[in-house]
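Everything below concerns the one structure shown next.
The values are calculated or read from the model by the stated rules, or taken from the named source; none is laboratory data. Here the structure is a predicted model, which is why all the values come from computation and not from measurement. Methodologically, a virtual Cβ is constructed for each residue, glycine included, from the backbone with ideal geometry; neighbour enumeration extends over all protein chains shown. Side chains included, ligands, DNA and RNA excluded: accessible areas come from the protein's heavy atoms. Shrake-Rupley method; radii C 1.70, N 1.55, O 1.52, S 1.80 Å.
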Amino acid sequence: MKTTEPLKKACQNYEEDLVLYYYGENSADERRHVEQHLVECACCQSFIEDLRRLLPRMTPTETLPQSFWDNYYRETVRKLAEQDERNSWWRNLFAPMKSWLVPAFGTAAVAILAIALVMGKGKLTSFIDRPSATLPQEVLADDNQLEFFRSLDMLESLSHLEEKDDGQLKPMPSQSSRPKSEPALA
Amino acid sequence: MADVQQWRDEELVALCQQGQGQYFEFLVQRYMQKAFHIAFDFTRNAETAKDLSQDAFLRAYSKIKQFDGRSSFYTWFYRLLVNLCLDHARRNSRVVWESLDGVTDKPSVTAQLSDSHSQPDQEVMAGEACRRASQTLEAMPNKQRTAFMLRNDQGLSIAEIAKVMKTTEGTVRVYLHRAVAALRQSLVEFV
């Protein structure tokens, strides 16, 4: 082990700025602020020194021979050509069909729809004409209940008419309260 | 041909979108090294990195007409590649820290973590540091690891990383901070 000293922690509110400072990603103001702090803080100085020693060594610096890159390029271009060839094969296969494919599908769709309507028409008619006796009880409406709801509708309409009348005419006072000088309204 | 190599990405992409796919090869030439290194960062395996980065090119080519130009081609391509690498990492759920030994004559990452005048015991320590770094990276959430590798290894800015990861710059800063703090915590004794 190179050192047995405990790891010095940077100031918590500066640590992120120190990382950015190491990578040169601070703004000018931030950089000045960090540099002023580094003058005063040994822990943060130690943090930056550790980054400067450690992080460059993690960057891979292998330089591969030119032959590797020549092979890589040739292989990539070959793969691109093969991909192009595969895509062209599919396009060429379906290209002659394009001229008749859409009309053919359209005609088939119309034919299927027509057949479905013809075959289904009889069934639809029979459904409509089905006597109520074959309908489930939950669907059948009770005549009495319908009459009750119709009367409710009528009552609601009457009250609307009355409100309308009240709005158009002055309210008719009762006989005893009417001043004697005023003529009665027609 | 030299003139074409000077063309901007947008010009090459526009030609590809018009059906002149041969211009995509110039984009391959331009970005194949970066693509491979990103994939290698994630997978630590040269063969897998080659396959993944080439898959990313194939996918980008097949989707080139869907590229709407709102971001740069590179950011869009990067995003495709990173997503492929993350999917691969999820399927395999293990990153093996390998070097490009046998492919390159440069020192491996393991050797980099030791001093230049290292002794055998120091090389053992470097190997241990390597394993510790691998474990720390592997234990991180995917997004933290992605943000760290894109910044530290690939040199993307925080703004670019935010576009690749489809998140905010503030979130990237948090990921980066946490990743670096965790690595420092685990590796500082080896520095």
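Run the numbers on the stretch B:142-178: which residues show a drop of 50 Å² or more in accessible area, chain on its own versus all protein chains together, using a 1.4 Å probe over heavy atoms?
Listed by number, the residues meeting the 50 Å² cut-off are B:R151, B:N152, B:R173, B:H177.
Which FRET efficiency value, to the nearest 0.05, do you get for B:Q5 and A:T59 by plugging their Cβ-Cβ distance into 1/(1 + (r/R0)^6) with R0 = 30 Å?
Efficiency computed from Cβ-Cβ geometry: 0.65.
Tell me, what is the percent relative contact order of the stretch A:2-58, built from C-alpha pairs under 8 Å that lie six or more residues apart?
44 percent
Counting heavy atoms of the protein chains only and a 1.4 Å probe, report the per residue accessible area for the stretch A:2-58 as a whole number of Å².
Accessible area per residue: 60 Å².
I'd like the mean, over residues of A:14-25, of how many other protein chain beta carbons sit within 10 Å of each residue's own Cβ.
Partner Cβ neighbours, averaged per residue: 4.
Ranked highest first by average number of other Cβ atoms within 10 Å, how do A:101-109, A:25-33, B:145-153 line up?
B:145-153, A:25-33, A:101-109
Would you compute, for the Cα atoms of the stretch A:2-58, the largest minus smallest coordinate along each principal axis and list the three values in descending order, in whole Å?
36, 26, 16
Given a 1.4 Å probe, show me the residues in the stretch B:36-62 buried by at least 30 Å² of accessible surface when comparing the whole protein assembly to the chain alone.
For the stretch B:36-62, once contacts with the other chains are taken into account, B:F36, B:H37, B:K50, B:Q54, B:L58, B:Y61 lose 30 Å² or more.
Run the simple label-point estimate for A:A28 and A:I115 please: 7 Å along Cα→C-beta, distance reported in nm.
7.9 nm
Spelling out what I want: for every residue of the stretch A:8-24, take phi, set θ = phi - 60°, compute 6.51 cos²θ - 1.76 cosθ + 1.60 (Karplus), and round to whole Hz; glycine and proline get x.
Here the 3J(HN,Hα) series is 7, 8, 6, 4, 4, 7, 10, 4, 5, 5, 5, 4, 5, 5, 4, 8, x Hz.
What's the buried accessible area, both sides, between B and A using a 1.4 Å probe, rounded to 100 Å²?
Chains B and A together bury approximately 4700 Å².
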